[in-house]
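Peer 1: There's a structure below that I have some questions on.
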Amino acid sequence: MNVDRKELPPLEEISMAKRLWLLFFIFAKIAAFVVGGGYVILPMVEQELVQRRKWIKPEEFVDMTAVVQTIPGIIAGNSAIYLGYRVAGMRGSLAALIGVATPSVIIITVIAICFNMISREAMATPWVQGAFIGVKSAVCGMVLATAIKMAKKIFTGAFEITVGVCAFIAVTFFPVNPGIAMVIGAVIGVIYFALRFKFLSGSGEAVK
Amino acid sequence: MSMLAVYWLFFQFGLLCFGGGYVLVPLIIANIVENPNFILDADMFGNLVAIAQMTPGPIGLNTGTFVGYLEGAGAANNIFTGIIGGIVGTAGILTPGYFLVIGASYYLKKWEKSLIVQGILGGIRPASVALILMAVMIFMGMSVFRSELPFEKWMEYLLGISEAPEWPGFRFSGFAIMAVSTALMLWKKVNVFYLMIISAVVGAFICR
């Protein structure tokens, strides 16, 4: 059950053609197993590209997660584009993107063709429903673990904690659009960093 | 609908879709379901969203492929134009993100050391953790709890605007699977694919 620990070659030793193929294959494999939406690909991608292959640095993964949520679009698609671009440039982003879209296109096309043939009763049996609830519960845990790991890296000071807590309250308890919350976060960040820079450079301290 | 019209419509969805695939649902209702020029009606769309959530693949891409297929197939239910429609719809949703993510990735790297980029990342990193936690809450409403968690209604209750909402039913089996998967992801290197398959089997037996 453990992820295999044998050494994989570093990114520099992998040829371009192989990188593109691996990007396509990794993202297709992940998309084919994701049940429940874009956030579920985050723990999977982290495990495959950061922990196992070490193509992406942990800090870069954190930044990717923040950036793709600020930009409109499908989170899974945007993550594939960002990471593919970092691994193998423009061609890499296209390979990862085609990979992430292929399972959806194939599976949904088959379902759409048989749309009227699907037995709704079979889907509604307690066994099938139970299996879906089981997977979704596990997904909650996986995504929560990703959030905890990210929080440990990000929440290093009072500023970060304040922004995080305010954003959570805004999007969960109030009908604030997540994209708007991210843009507000970016503006507050720029103001804070500008003020800190001004304050610290005035007092002669080095800016981190 | 011509393929170009399907592409253009989904391109706009991709551009407006802040915060991931879930945001697509209200966009599709407003622009396709309530527009008599399209085949899709409210009843079909309800089934379609349920299928898109249960099948593997990001929800946004699944919905895009599905709606694209139905509009491509048209009243004559032509499978060939349907398949093209599915691909065109998916490509349309992903196009805006492709250019925006690559642009963002390029400039963030180029101006990595600048105060503005530092500020933007400093603000969106903590906010992104908040958004992921919100996604966890949405998933919990589908698994650990028997209905959606009414955060906004709780807030209205606290502010004295409305009555206290009904407490959503708690599913202990779902909570147990979630707790185990969080712990495994945090402290043990477990393969996410095996974790999903095992929780589906366990869920089929214990989640009711």
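Peer 1: Between A:G99, A:G77, A:G38, where does the largest GNM mean-square fluctuation fall for chain A, given springs only between Cα atoms within less than 10 Å?
Peer 2: A:G38
Peer 1: If you don't mind, there's one more thing I want to ask. Percent of Cα-Cα pairs per 10 Å bin, from 0 to the last occupied bin, for region B:111-183, please list those.
Peer 2: 17, 29, 27, 18, 9, 0
Peer 1: Would you calculate a helix-derived [θ] at 222 nm for chain A, using -39,500 (n - 2.57) for each DSSP H run of n ≥ 4 and dividing by the full residue count, to the nearest 500?
Peer 2: Numbers: 8 runs with 149 residues, N = 208.
Using -39500 (n - 2.57) per qualifying helix, the result is -24500 deg cm²/dmol.
Peer 1: Taking R0 as 30 Å, what FRET efficiency do you get between A:V128 and B:N77 from their Cβ-Cβ distance, rounded to the nearest 0.05?
Peer 2: Details: r = 27 Å, r/R0 = 0.91.
Approximately 0.65, to the nearest 0.05.
Peer 1: Just to be sure I understand the curve: with the Debye formula and one point per C-alpha of chain A, what is log10 I(q)/I(0) at q = 0.12 Å⁻¹?
Peer 2: Results for chain A at q = 0.12 Å⁻¹ read -0.80.
Peer 1: Under 20 Å between alpha carbons, and skipping anything fewer than 8 positions from B:K113 in its own chain: which aspartates and glutamates qualify?
Peer 2: Within the straight-line cut-off, B:K113 pairs with A:E59, A:E60, A:D63, A:E160, A:E205.
Peer 1: Follow-up. Comparing A:S79, A:S93, A:S15, which has the greatest mean-square fluctuation in the GNM of chain A with Cα pairs linked when under 10 Å apart?
Peer 2: Sorting by GNM fluctuation, first place goes to A:S15.
Peer 1: Suppose R0 equals 25 Å; then what is the FRET efficiency for B:S162 and A:T162 from their Cβ-Cβ distance, rounded to the nearest 0.05? Provide the component values of the computation, followed by the final result.
Peer 2: Values: r = 29 Å, r/R0 = 1.15.
Result of the calculation: an efficiency of 0.30.
Peer 1: Put one equal scatterer on each alpha carbon of the protein assembly as shown, apply the Debye formula with no solvent term, and list log10 I(q)/I(0) at q = 0.07, 0.11, 0.13 1/Å to two decimals.
Peer 2: At q = 0.07, 0.11, 0.13 Å⁻¹ the computed log10 ratios are -0.33, -0.85, -1.19.
Values quoted throughout were computed directly from the atomic coordinates according to the rules given, and no laboratory measurement underlies them. Fair warning: this is a prediction, and the values are worked out from it, not measured in the lab. With ideal geometry, Cβ positions are generated from the backbone for all residues, glycine too; neighbour counts draw on all protein chains shown.
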